[in-house]
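K.L.:
Sharing a structure, written as structure tokens. Questions coming.
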Amino acid sequence: MAVKMEQIVVKIPAGSFRIKEGLCPNGHSLMNKDKLLSGRPAITCEVRLKGKVGRIHFNPYYGVFEYETDLVFDNGDVVDLYCPECGASLSVPEHCSMCRVPMFAIQLPDGGEVRACPKVGCRNHHLTIVDLDAQFAEYYEEERRPKM
């Protein structure tokens, strides 16, 4: 029997929640320990635009729109994102409520996900957490650790 899920809206300051593990639909890790943004492993995807293929590295902090790529983007370009390991598309059927283009999703452990618009310059995104207790316990545990 399926569990009925309720929706709540929680507002958090940009950059206060770090994505520690992002996955493609096939379960491959998108975290790149060799590429750091804000001192943490970046979320790395294959990016395609106008017949060109490259890599894009996203800041792992939710709401921080920093990225690095080896392709040149213009404001308004719509990119396609894929898993760099298996080539699975990260696109999902949901369309951006602002741009009307299909969004992409990065899966989180325990069934959560981050969805964002792939249009350069659009900042529409949202985070779904399925196991709230586990996510907040991990968040607060990290916040209590001594900062060096």
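Every number in this text was worked out from the coordinates using simple rules, so none of it is lab data. Worth saying up front: this structure is predicted, and the values here are computed from it rather than measured. Every residue, glycine among them, receives a Cβ derived from its backbone with ideal geometry; neighbour counts consider all protein chains shown.
K.L.:
Treat each spin label as a single point 7 Å out from the Cα along the C-beta direction, and report the Asp80 to Val101 distance in nm.
P.N.:
So the two model labels end up 1.3 nm from each other.
K.L.:
Taking amide H positions as placed 1.01 Å from N in the peptide plane, with prolines and chain starts having none, which residues 5 or more places from Phe17, or on another chain, fall under 5 Å of its amide H?
P.N.:
Tyr62
K.L.:
From the phi of every residue in the stretch 44-50, what ³J(HN,Hα) in whole Hz does the Karplus formula 6.51 cos²θ - 1.76 cosθ + 1.60 yield, where θ is phi - 60° and glycine or proline is x?
P.N.:
10, 10, 7, 10, 10, 8, 6
K.L.:
While we're on this one: Go through the stretch 75-82 residue by residue and turn each phi into a ³J(HN,Hα) via Karplus (6.51, -1.76, 1.60, θ = phi - 60°); whole Hz please, and just put x for glycine and proline.
P.N.:
After applying 6.51 cos²θ - 1.76 cosθ + 1.60, I find 4, x, 4, 10, 9, 10, 10, 9 Hz.
K.L.:
Please list, in order along the stretch 26-37, the HN-Hα scalar couplings obtained from phi with the Karplus expression 6.51 cos²θ - 1.76 cosθ + 1.60 (θ = phi - 60°), rounded to whole Hz, x for Gly and Pro.
P.N.:
Per-residue couplings from phi come out as 8, x, 7, 5, 9, 7, 10, 5, 8, 10, 9, 10 Hz.
K.L.:
Let me know the Rg and Dmax you get for the chain when you use only its Cα atoms, in Å.
P.N.:
Reported Rg and Dmax, both Å: 15.5, 48.
K.L.:
Select from Pro93, Pro41, Pro102 the residue whose mean-square fluctuation is largest in a Gaussian network model of the chain (Cα-Cα springs shorter than 10 Å).
P.N.:
Pro93
K.L.:
Next question, about the same structure. For Asp77, what residues show an amide H to amide H distance below 5 Å, using hydrogens built from the backbone and excluding near sequence neighbours?
P.N.:
It is Val120, by chain and number.
K.L.:
Kindly state, to the nearest 0.05, the FRET efficiency for Ser91 paired with Lys20, given R0 = 30 Å and r defined as their beta-carbon distance.
P.N.:
Details: r = 23 Å, r/R0 = 0.78.
Computed FRET efficiency for Ser91 and Lys20: 0.80.
K.L.:
Nearest 0.05, what FRET efficiency do Val72 and Val130 give at R0 = 35 Å with Cβ-Cβ as r?
P.N.:
Efficiency, from the Cβ-Cβ distance: 0.40.
K.L.:
For the residues Met98, Met31, Met103, Met5, what sequence is obtained by ranking on other C-beta atoms within 10 Å, fewest first?
P.N.:
So the residues, fewest neighbours to most, are Met5, Met98, Met31, Met103.
K.L.:
Could I ask something else about it? Return the loop-located trypsin sites (Lys or Arg not before Pro) in the stretch 10-110 (DSSP other than H, G, I, E, B) with at most 11 other Cβ atoms within 10 Å of their own Cβ; answer none if there are none.
P.N.:
Lys11, Lys50, Arg100
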